[in-house]
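Below is a structure I'd like to ask you about.
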Amino acid sequence: MSLTLYMHPLSSYCHKTLIALYENATPFTAVSVNLGDPDERAMLLKLWDVGKFPVLQDDARGEVVPESSIIIDYLDQHYPGATRLIPDNGDAARAVRFADRFYDLHIHNHMQKVVGNRLRPADAKDPHGVEDAKIRMRAAYDIAERDMTSRRWATGDDFSMADCAAAPALFYAAKVLPYADSHPHLAAYLERLKARPSYARVLKEAEPYFHMFPQEG
Ligand SMILES: N[C@@H](CCC(=O)N[C@@H](CS)C(=O)NCC(=O)O)C(=O)O
C-alpha cells in the first residue's frame with residue numbers, strides 16, 4: 001500500500017479527502033496526527049511546512065501532496081476508480097473546480113472561523129470576525145440553495161470532487177449556522193450527501209470524536 005493520509009478523524013478537510021478515497025475504495029493507510037503533540041506536529045511540518053492536514057504521501061511515486069483539492073486531483077489522475085472525481089470534459093471539469101472552490105472558500109473556511117473563535121481564550125474572542133463570517137455564509141447559502149433546487153449533486157447529475165468539498169462544509173456549517181428551515185434544498189442536499197456510502201462511512205468513523213467538537217460559549 002503506497003498511500004498514506006496524514007489526518008485527524010474530526011478534521012473537516014480530511015473528511016473531504018476521505019470521501020474521495022472511499023468513493024473508489026482506494027487502499028491507503030490513515031495516520032492520525034495530534035497537533036498538540038510536539039513530535040507529531042514536527043512530523044507533519046516536515047511533510048508540509050504549513051502544518052495543516054490532510055497531507056497525502058505516495059511512496060510509489062515519491063510524492064507528498066498537501067491541500068485537499070490537489071489531493072483529490074492527484075487521486076483522480078493516478079489512482080482513478082469508478083467515480084471520476086474531476087470529469088475529462090473541460091467545461092464540466094471547470095464547473096467541478098468552481099463548485100469545489102465555492103464550498104471551500106465561501107462556506108467551509110468561514111465555518112472554520114466561527115469554530116476557531118470558540119477555541120479562543122475569553123479575552124481574545126473576535127465577535128466582528130464571526131459576524132462577518134456568518135454574513136458571508138448566509139450569502140453563500142442563498143447561492144447554493146438556488147443551485148440545489150434543480151441539482152442532485154453539486155454540479156448536476158454526477159457525484160464529483162465538488163460533493164467531497166460540499167459534504168463536510170455543509171455538515172459542520174449546519175452546526176454553527178443552521179439552515180434547514182431557511183434553505184430546504186440545501187438541507188436536502190446535505191441529507192443526500194450523508195446517505196452516500198462514502199460520506200456515511202466518514203461520519204461513522206468520526207462519531208467517537210464528535211464530543212470534541214467545540215460548543216458555543
Ligand atoms: N486549504 C486546506 C485547508 C486545510 C485545513 O484547514 N486543515 C485544518 C483541519 S480541517 C488544519 O490542519 N488545522 C490545523 C491548524 O490550522 O493548525 C485544504 O484544503 O487542505
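The values are calculated or read from the model by the stated rules, or taken from the named source; none is laboratory data. No experiment lies behind these values; they were computed from the predicted model shown. Ideal geometry is used to build each Cβ from the backbone, glycine not excepted, and the neighbour counts take in all protein chains shown.
Could you please give the count of residues in region 53-63 that are surrounded by fewer than 15 Cβ atoms within 10 Å (Cβ to Cβ) and either of a type in the set (A, V, I, L, M) or within 12 Å of the ligand (Cβ to nearest atom) (or both)?
Residues meeting the conditions: 1.
If you don't mind, there's one more thing I want to ask. Kindly indicate whether any position in region 30-48 is outside any loop (DSSP other than H, G, I, E, B), within 11 Å of the ligand (Cβ to nearest atom) and within 16 Å of the chain's Cα centre (by Cα).
no
Test of understanding: among L85, L119, which residue is within 16 Å of the ligand (Cβ to nearest atom) and surrounded by fewer than 18 Cβ atoms within 10 Å (Cβ to Cβ)?
L119
Another question about this same structure. Out of (1) hydrophobic (A, V, I, L, M, F, W, C); (2) more than 14 Å from the ligand (Cβ to nearest atom); (3) under 18 Å from the mean Cα position of the chain (by Cα), the odd one out for C14 is which?
Against the list (1) hydrophobic (A, V, I, L, M, F, W, C); (2) more than 14 Å from the ligand (Cβ to nearest atom); (3) under 18 Å from the mean Cα position of the chain (by Cα), C14 comes up short only on (2).
Quick check on this structure: which one of R136, R152, R146, R97 is basic (K, R), under 17 Å from L186 (Cα atoms) and surrounded by 15 or more Cβ atoms within 10 Å (Cβ to Cβ)?
R136
On the given criteria, is G81 on the phi > 0 side of the Ramachandran plot, in contact with a helix residue (DSSP H, G or I) (Cβ under 8 Å, 6 or more places away or on another chain) and at pLDDT 95 or above?
no
Also: Do we have I72 as assigned to a loop (DSSP other than H, G, I, E, B) and within 16 Å of the ligand (Cβ to nearest atom) here?
no
Within the group F53, F98, which residue is at pLDDT 95 or above and assigned by TED's automatic domain parsing to the domain that holds Y141?
F98
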